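The values are calculated or read from the model by the stated rules, or taken from the named source; none is laboratory data. Because the structure is a prediction, the values reported are computed rather than measured. Counting neighbours? That spans all protein chains shown, and the Cβs are built from the backbone with ideal geometry, glycine included. Just the protein is used for accessible areas: all its heavy atoms, side chains included, with ligands, DNA and RNA removed. Shrake-Rupley method; radii C 1.70, N 1.55, O 1.52, S 1.80 Å.
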Amino acid sequence: MKSIRIGTRNSALALWQAREVARHLQNSNYLTEIVPIVSSGDKNLNLPLYSMGITGVFTRDLDVALLNDEIDIAVHSLKDVPTLLPENIELVSYLERDFPQDVLIRKEESKNKEFHELKLATSSLRRRAFWSRNYPHAEFSDIRGNIQTRLQKLQDQDFDATILSLAGIKRMQMDIDYEMLPLMIPAPSQGVIAVAGHSDKKEINEILNTITNHKPTQICVEIERNFLSTLEGGCTAPIGAFAEFFGDQIRFKAALCSLDGKNCIATDENFEYNEVENFGEKFAKIVLENGGKELMAEIKGSY
């Protein structure tokens with residue numbers, strides 16, 4: 001077999017993730033080639049994602065490359081991948097989840113401020129909503145870009161702190177202070193690297209599934225993504241969902257919030273997993289039946 005062409009966004013974090021997939025393949029004696037591709041989401045850093053009116057802004061250019069046979073597989077941060085995939089594209093493996101949490105990064109001069117005093121920079125509707133749920137008078141600024149860009153903007157611009165994914169900080173081995181945020185429920189699939197493939201390339205897809213797929217992670221993120229899909233929430237909707245194994249049981253925490261955080265419908269479940277039930281859909285329907293349907297309509301009408 002020729003080298004497996006691995007498509008990726010060209011940010012430092014995305015390239016690290018692609019190299020991690022390549023490392024797994026190389027350890028099993030497969031040749032690899034990394035093919036960086038500039039995504040639409042990386043080209044326009046001035047607009048917040050929710051105002052761009054589309055989902056999959058970070059994945060569609062890689063989708064096109066897959067469909068045009070310019071690459072064999074595409075490596076993604078799974079939280080960026082829409083629940084509805086283009087025809088002939090499928091998720092073929094999920095690396096073991098490492099750090100799903102959100103963390104707070106402050107400016108040095110804001111170290112002594114209380115949370116409710118912070119002017120926060122984040123373009124994530126989920127992060128804004130969960131923060132506002134606890135601190136209803138919070139001020140926000142929009143911020144976009146890779147980790148390094150956002151940290152530089154934190155230093156250069158007029159706000160006190162920002163929120164980042166802990167996975168990115170750890171993967172980049174960044175020596176910066178951060179604070180854990182138990183008030184946040186992660187985005188569905190946060191902290192998971194996933195590999196997408198063309199459905200016709202069955203041999204390559206099977207190789208990836210055999211070598212890189214972590215089944216417990218796959219089970220958990222499929223619950224989270226089914227929850228998101230059933231709510232009809234795009235990647236930018238204020239929805240948090242997180243599933244994890246405890247022995248034979250799974251704990252699932254999730255919430256749908258209004259944009260201002262004043263109205264949140266949450267669920268916290270412990271259950272024994274089986275392959276028959278669609279647990280994500282089950283819990284999402286409970287949320288929808290308890291006011292979530294009206295809340296989702298309100299959110300969509302606000303974009």
**Message:** As I understand it, the value is the acute angle between the Cα axis of helix 293-302 and the longest principal axis of the Cα atoms of the chain; what does it come to in degrees, rounded to 10?
**Reply:** 90
**Prompt:** In the chain, what percentage of the DSSP-assigned beta bridges are antiparallel, given to the nearest 5?
**Reply:** 70
**Request:** Calculate, in nm to one decimal, what GLU206 and GLN26 gain on full extension: separation in residues at 0.36 nm each, minus their alpha carbon distance.
**Result:** 63.2 nm
**Prompt:** Could you state the number of Å between the C-alpha centres of the stretch 81-107 and the stretch 148-181?
**Reply:** 19
**Message:** Under the √(5λ) rule applied to the eigenvalues of the Cα gyration tensor, what semi-axes describe the equivalent ellipsoid of the stretch 201-303? Give them in Å, descending.
**Reply:** 28, 17, 11
**Fill in**
Labelled set (i) 1.05; (ii) 0.96; (iii) 1.16; Rg/Rh (Cα atoms, Kirkwood Rh) computed from this model equals the value at (ii)
**Message:** Just the number please: accessible area per residue for the chain, 1.4 Å probe, all protein chains included, in Å².
**Reply:** 48
**Message:** Shape verdict for the stretch 111-194, please, from the Cα gyration tensor: rounded (a/c under 1.5), prolate (a/b greater than b/c) or oblate.
**Reply:** oblate
**Nearest 10 degrees, 0 to 90: helix 12-27 Cα axis against the chain principal axis** = 30
**Highest-fluctuation residue, LEU31, LEU164, LEU208 considered, GNM on the chain with Cα pairs under 10 Å** = LEU31
**Message:** Within 10 Å of each candidate Cβ there may be at most 14 other Cβ atoms; applying that plus a DSSP loop requirement, which trypsin sites (Lys or Arg not before Pro) in the stretch 102-156 survive?
**Reply:** LYS111, LYS113
**Fill in**
Normalised Cα Rg of the stretch 115-270, dividing by 2.2 N^0.38 Å with N its residue count, works out at 1.17
**Fill in**
Around ASN213 (Cβ within 14 Å, Cβ-to-Cβ, excluding ASN213; K/R +1, D/E -1) the net charge comes to -3
**Item:** Of the GluC sites (Glu not before Pro) in the stretch 228-302, those whose Cβ has at most 12 other Cβ within 10 Å and which sit in DSSP loop
**Value:** GLU275, GLU277
